[in-house]
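The values are calculated or read from the model by the stated rules, or taken from the named source; none is laboratory data. A quick note: this is a predicted structure, and the numbers were derived from the prediction, not measured. With ideal geometry, Cβ positions are generated from the backbone for all residues, glycine too; neighbour counts draw on all protein chains shown. The area values use the complete protein model at the heavy-atom level, side chains included, leaving out ligands, DNA and RNA. Shrake-Rupley method; radii C 1.70, N 1.55, O 1.52, S 1.80 Å.
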Amino acid sequence: MFRTALLISFSILCYNISEAQNKPLQTPAQVLVANTGEDSMNSYGASHSKTVVSGYGEVVYQRDFNQQQSMADLKRAVLFVGHQFSGRVAFFSELEVEDAKVEAGGPTGEVGMEQVYLKFALNPRQYIVAGMFLPRVGIVNENHLPINFNGVERPMVEELVIPSTWREIGVGFYGQTTAMPLTYSVAVVNGLNNAGFEHGSAIREGRAEGQLAGANNLAVTASVQYFAGNWKFQVSGYAGGTTPLGPKQADTLQLESGVFGTPVYLAEADIQYSGRGLTLKALGCNISLPKAESINRAYDNNTPEQVYGAYAEVGYNLLYSAKSEKWRSKQLNIFARYETLDLNAKIPVNGIIDGTEKQSHIIAGLGYFPLPHVVIKADVRLMSTGEQNGALIVNPNPNALPYKQNNTFLNIGIGYSF
């Protein structure tokens with residue numbers, strides 16, 4: 001989750017890719033490099049210190065025009081502490097507070113560790129991590145600093161389909177080939193818990209996030225990244241079991257137990273480009289839950305058999321060609337993104353279709369960087385969905401407003417990292 005994500009980043013792995021690819025980030029949202037800039041032990045001169053303290057955060061305002069409701073929120077504040085024990089062994093940790101505070105009976109708020117792991121450098125091109133870390137899946141999971149993505153909100157596909165800041169406990173191996181600019185990763189982590197799956201959030205609520213994670217079931221995740229000039233290509237995947245119960249408990253619920261019992265499969269591919277002020281991004285992801293019928297029978301949580309999502313984005317820095325050096329050192333990025341997703345693309349015979357989970361989003365906005373690690377953002381998001389299923393209405397009209405298939409959101413925010 002943040003610069004610490006050495007997992008995320010390739011600090012040691014990637015300093016030989018090429019001189020061009022190893023230039024410091026001009027602004028993470030605009031410049032594509034092998035090192036994501038989220039490795040706090042190797043950023044901002046921190047490599048000269050044994051112990052590093054840094055962090056990031058964001059504050060947001062959102063207006064929901066259908067509900068005629070506005071909200072202001074300290075979305076998150078994260079503190080990073082890392083320590084370099086030796087040239088080969090380092091420690092990384094991140095503590096996050098969401099929604100400003102947590103109190104008994106409060107409607108929201110969360111305090112949690114985003115990452116806690118040790119990194120063991122094998123050589124300049126390979127390392128091992130052990131502890132709780134972020135699997136390399138998608139674009140945002142390892143690059144979720146507010147200065148690293150366009151828009152106040154993270155892409156909806158990488159929130160609802162691929163759970164952002166997805167962290168699990170395990171061991172991972174990361175490396176880079178010597179013959180070409182290609183990096184790879186493979187990790188074994190604890191599996192998901194299908195008892196936590198919720199309608200409308202795909203696999204997100206099945207994550208353990210390091211809290212008493214069931215380890216009867218495990219998962220394997222892997223990725224390959226290839227760099228070609230200003231282009232970066234990635235494919236990644238995740239396959240694992242979703243039933244952490246022992247055999248007797250699982251049999252009682254008619255669920256498959258074991259390491260890969262009641263499986264889930266995720267496949268993702270993305271492309272990124274950055275050059276001369278222009279950025280392009282495209283991502284597609286598909287999740288398959290072939291035993292969704294068994295999960296629904298056990299927990300009645302309307303788990304789908306298939307979920308998919310995709311998006312494409314274009315951005316441009318309006319100050320890239322500014323005549324004044326003063327303005328060229330800043331950035332004013334405009335962007336537009338189209339997203340499509342369906343959280344119940346295919347349902348089992350005992351599932352209930354919900355048209356509202358088939359969505360499209362059009363987001364357009366800008367981000368101003370007065371400094372490389374400070375951003376002021378604003379955007380408008382247009383959302384369109386399918387029809388609401390009457391069988392899923394808990395509070396019908398007039399207790400609740402009639403559902404509208406189209407809605408508009410205005411978002412304003414600030415973000416920082418240090």
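Using alpha carbons only, what's the Rg to Rh ratio of region 83-200 with Rh from Kirkwood?
1.01
Projected onto planes of every orientation and averaged, the convex hull of the alpha-carbon atoms in region 135-188 covers 4.8 nm².
Please give the length that would be gained between residue 209 and residue 353 if that part of the chain were fully extended, namely 0.36 nm times their separation in residues minus their C-alpha to C-alpha distance (nm, one decimal). Additional length available on full extension: 49.0 nm.
What is the diffusion coefficient of the chain in µm²/s, taking the Kirkwood radius over Cα pairs and the Stokes-Einstein relation at 4 °C with a viscosity of 1.567 mPa s?
Answer, rounded: 58 µm²/s.
If the elastic network links every pair of Cα atoms under 10 Å, which of 131, 284, 390 fluctuates the most in the Gaussian network model of the chain? Comparing 131, 284, 390 in a Gaussian network model of the chain, the most mobile one is 390. Projecting label points 7 angstrom from Cα along Cα→Cβ for residue 123 and residue 346 puts them 4.3 nm apart.
Every pair of different Cα atoms in region 68-134 enters the Kirkwood calculation, which places the hydrodynamic radius at 14.2 Å. When the listed pairs 248/291; 330/377; 377/404; 281/377; 248/346 are checked against a 24 Å cut-off, the alpha-carbon distance exceeds it for 377/404; 248/346. Put a dot 7 Å past the Cα of residue 376, heading toward its Cβ, do the same for residue 111, and the two dots end up 3.3 nm apart. Expressed as a whole percent, the accessible surface of the chain that belongs to carbon and sulfur atoms is 59, based on a 1.4 Å probe. What residue among 291, 50, 358 has the largest mean-square fluctuation in a Gaussian network model of the chain, using Cα springs under 10 Å? Sorting by GNM fluctuation, first place goes to 50. Note on residue 297 and residue 414: with the Förster distance fixed at 51 Å, the Cβ-Cβ geometry gives a FRET efficiency of about 0.65. The slack between residue 334 and residue 271, meaning 0.36 nm per residue of separation minus the straight C-alpha distance, is 20.8 nm. Accessible surface for region 264-418, divided over its residues, is 49 Å² per residue with a 1.4 Å probe. Estimate the FRET efficiency between residue 72 and residue 323 by the formula 1/(1 + (r/R0)^6), using the beta-carbon distance for r and 30 Å for R0, to the nearest 0.05. Between residue 72 and residue 323 the formula returns 0.20. With contributions of -39500 (n - 2.57) from each DSSP H run of at least four residues, the per-residue ellipticity at 222 nm computed over the chain stands at -1000 deg cm²/dmol. Between 68, 254, 405, the residue with the greatest mean-square fluctuation in the GNM of the chain (Cα pairs under 10 Å linked by springs) is 68. Rolling a 1.4 angstrom probe over the protein heavy atoms with all chains in place gives region 210-259 an accessible area of 50 Å² per residue. Values of log10 I(q)/I(0) for region 270-342 across q = 0.12, 0.17, 0.22, 0.28 Å⁻¹ run -0.54, -0.73, -0.93, -1.14, by the Debye formula with one identical scatterer at each alpha carbon and no solvent. A Förster radius of 45 Å, combined with the Cβ-Cβ distance separating residue 388 from residue 182, puts the computed FRET efficiency at roughly 0.45.
Computed from the alpha carbon positions, the gyration tensor of region 294-418 leads to an equivalent ellipsoid with semi-axes of 41, 17, 13 Å, biggest first. Note on region 206-287: Kirkwood radius taken over Cα pairs, Stokes-Einstein applied at 20 °C and 1.002 mPa s, translational D equal to 142 µm² s⁻¹.
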